[in-house]
Every structure is written in C-alpha cells, then in structure tokens.
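> One structure follows; several queries about it will come next.
Each reported figure results from applying straightforward, stated rules to the coordinates on display, with no laboratory input. Given the structure is predicted, the values throughout are model-derived calculations rather than measurements.
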Amino acid sequence: MTYNIDAIRADFPILSREVNGKPLVYLDNGASAQKPKVVIDAITQAYSHEYANVHRGLHYLSNLATDKYEAVRGKVAQFLGVPDENEIVFTSGTTEAFNLVSYGWGAHNLKAGDEIILSVMEHHANIVPWHFLRERLGVKLVWVDCDTNGDLDPQAVIDAMTPRTRMIAITHLSNVLGTVVDVKSICEAARARGIVTCVDGSQAAVHMPVNVADLGCDFYAITGHKLYGPSGSGAIYMKRARMDEMQPFMGGGDMIRDVHRDTITWNDPPMKFEAGTPGIVQQIGLGVALDYMMGVGMEAIAAHETSLRDYARTRLDGLNWLNVQGKSATKAAIFSFTLEGAAHAHDISTVLDKKGVAVRAGHHCAQPLMDHMGVPATCRASFAMYNTTDEVDALVDALELCHDLFA
Ligand code: PLP
C-alpha cells in the first residue's frame, strides 16, 4: 500500500492554515504534534454526548465513559507490544511517569551509594526525578556521553555498570539529535546483572514501531501529545515484578480498596498507581490517536520519515554555513543546528516563523547535552508523519534568508 501523504495531511485540519501570510510548515513536532480530525471529533463527542466520571458510577454514562477509557489500556498495550494490559498505567505524560517511578520505585528500593546510569542525551524529565533521589537518598548519578555524531555506544553504558548500579534511565530516541539508542542491548546486559531499566519512549514511539516485550525493559513511558493525541494523556509500561516492589506515588480516590480511620489498603495494579479523577477524555483521545497511527501503520510512518530524513540531510548538508549537530547514520528526522553569524537560535526561529516555518529554539530541556555539545542552544526542526519534501525545501529557503540576514 502506498503512503497517501495528501490524505494524511487532509486529516489534520491545522495543516491547511497560514501563519504570517504563508502556508504553515509545522516542524516543531518534537515539542508536540498536531491532531487529526478523528481525535478532535472524539474529544467533542466525549464531552458532548458521553461524559461522566469513570469507575465509580452505576449509571449509563459513567459505565460508557469507563468502558471507553479502559479500552485505551488495551490499545496502549497493543501499540507497545505488551501482552498484559494491566502492566499499563495511565499518566498525564512522561514527566509524571518518571516521577511515579522515582517516588514509587526509587524511593523505596534505593539507598545511599546506589548508582543510576543516565545518558547525556536525556530530557530533563528523565533527569530531574533522579536528582531528587540523589538529594534525598544520596544515590549517585553516573553519566555516559554520546560521541560527536550523537551516537551512544551501548558498550559504554555496559562498561559504566558496577555492582552498585541499580537502575539505568535512558532515552530510546534523543529529542535533540534524533539519535536512536540500542536500548535492547543495554536492557539485556542490565537484566543479566539485575539492574532495572527505565526507558524514555516519548520520541521513539512516534517515529518507529516499538515492542516493549522485545526490548526487555522494566519501565517504558510514552506521552500522548507527541503521538498526535491530546496533551495531558500518556502511559507507562511497568513490569509486574517492579509494580509489586512499588509504593503508590499519589494517594486519593480509585487507588485504594479500603480507607478507615487507622488503616488503608491499596487497590490492585494498575489502579494502585492512578489516584483521583484521571484525564478521562484525554486518554480516550489518545486511544483514537493510537488507532489512527496503527491504521496508517508504524512501519509505513517510519519509512516515510526515513525518506524525509534522507532528503533533509542532503539539503541541510548543502548549507556549508549551517552547523548540524549529531550526524548519526540511523537517526530519526530530527535536526538540531546553529548558524554561523546568528546571535542566538531564537533569532533563527524568529526569521523562520516570518516564513511560516515553525521550529523550536532553546536547550530543548536537555541542558547536559547542550553542555556536552558546547552550545547554549540550538534550533530544532523535527518532522512528523504528515511532513513533506516541499516543507524541507521551505525550511531551506527560510534558512537561506537567515544566512543572508546574519552573514
Ligand atoms: N522525554 C522526551 C525525550 C521529550 O522529548 C519530552 C517532551 O518534550 C519529555 C520527555 C516530556 O514529556 P511530557 O511533555 O509528556 O512531560
């Protein structure tokens, strides 16, 4: 089946708008992706006709909302290749997911002197929760660098493992450089040493098929707003054995079985980790977004984005005044760059915006990586399933204008 890019673009209403009098070229997908009409319609439908609180009602609408909401657990499990949907915990996104692991697992299973390995490419969401454990428990953070291409040698991670290593917190795909990390080899070595693995799938799950069972990790987090779903939606796979070692992170309704004046008992997982009224409609929207992606096919999306990456790489490499950071051969279609003569990445993005080209400028919540690369900030063009080679050309044209302005 051919990849029908026109049909896909037509599914995303926002793509037909103009910005600053120019057709929108949306290349800020790494920050958040646009939403297909089916997701927007599902949200409207849920609030217009099918809304009630979940899990606790005995009336028609509550049961309907509960069924729709709970069905998403199975969709996430299917999307991630997880056989047991009870190992899927809903979250508001990846930041909440890693805080859940830090407070729920880390705080109860780690002690002073234990080591957590991180790659230098981690997003702050997969750094700061471990810093909390460093500050509160005295665990040690051990950093592994990537090379100048942005590649992370799995052997370097394996070499950093010591008898004190208890956890590895690692990204599957860098949000700045697009580097794909060989998480499977790292997880295999970690498992053999009894080390827990916590994988950040925020970016990877958008761009390629992911099979958590095959990766063999303990935790794998995804975030709905990058997966063409609503903000405030997300999920984390947590291996059952890890769940059994965890305490709840947040307390409240739904996560308990019984509450009395002097005692409380927890609900069974995954409910044990989902306190209070959840993002009902957000998760329903996420389910529709995952159906949409699986309908197009993750292999097909990956193939389309690989050809976009190759085209963009060739065009950007032709600009000898553009410093593209991270030239890994196997990276996703995410390009970070600086421009000789431009004062700051913000200057570039402001000029691009005038041409209708939306990119991200800044440290991308990855300051250790910025330090490692020796730059304060970069501009990032991150592509999605609906982007085209024409849009790569529009980016290059706008960059040439920047060069003329700043050179
Ligand atoms: N991890 C990576 C690699 C990201 O790119 C992001 C979002 O930018 C996050 C984590 C944070 O995700 P969320 O927005 O769901 O908290």
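> Which distance in Å, rounded to a whole number, links the C-alpha centroids of the stretch 276-342 and the stretch 141-220?
So the separation of the two Cα centres works out to 19 Å.
> Sticking with this structure for a sec: Counting only Cα, what are the radius of gyration and maximum Cα-Cα distance Dmax of the stretch 1-111, in Å?
Gyration radius and largest Cα-Cα distance of the stretch 1-111: 19.1, 57 Å.
> While we're here: Mean Kyte-Doolittle hydropathy of -0.5 or higher plus an axial Cα length of 30 Å or more: which whole DSSP H helices in the chain meet both? Provide the component values of the computation, followed by the final result.
On the way: long enough: 60-80 (31 Å, -0.13).
Length and hydropathy pass: 60-80.
> Counting only C-alpha contacts under 8 Å and six or more residues apart, can you give the relative contact order of the stretch 44-88 as a whole percent?
Rounded, it is 24 percent for the stretch 44-88.
> Per 5 Å bin, what percent of the C-alpha pairs of the stretch 249-407 does each bin hold, from zero upward?
2, 8, 14, 14, 12, 10, 9, 8, 7, 6, 5, 3, 2, 1, 0
> Using bins 20 angstrom wide from zero, how does P(r) for the chain break down, in % of all Cα pairs?
Reading upward from the zero bin: 27, 55, 17, 0.
> For the chain, what proportion of DSSP beta bridges, expressed in % and rounded to the nearest 5, is antiparallel?
55 percent
> Below 8 Å between Cα atoms, with a sequence gap of 6+, how large is the relative contact order for the chain in percent?
Across the chain, relative contact order equals 22 percent.
> Here's a follow-up. Over 22 Å between C-alpha atoms is what I'm after, so list which of Lys226/Lys354; Lys35/Lys75; Lys111/Lys272; Lys239/Lys272; Lys140/Lys331; Lys37/Lys226 land there.
Values: Lys226/Lys354 24 Å; Lys35/Lys75 18 Å; Lys111/Lys272 24 Å; Lys239/Lys272 14 Å; Lys140/Lys331 30 Å; Lys37/Lys226 15 Å.
The answer is Lys226/Lys354; Lys111/Lys272; Lys140/Lys331.
> Have a look at the stretch 326-383 and give its Rg and Dmax from the Cα atoms, expressed in angstrom.
Every Cα atom of the stretch 326-383 included, Rg and Dmax give 11.5, 32 Å.
> Taking Cα pairs under 8 Å and at least six residues apart, what relative contact order does the stretch 1-148 come out at, in percent?
13 percent
> What is the pair-distance distribution P(r) of the stretch 234-323, computed from all Cα-Cα distances in 10 Å bins starting at 0, with each bin given as a whole percent?
Percent of pairs per bin, in order: 13, 25, 21, 18, 14, 7, 2.
> Could you compute Rg(Cα) / (2.2 N^0.38 Å) for the stretch 180-329, with N its residue count? Could you put the intermediate results ahead of the total?
Numbers: Rg = 19.9 Å, N = 150, 2.2 N^0.38 = 14.8 Å.
Its radius of gyration relative to the 2.2 N^0.38 Å reference: 1.35.
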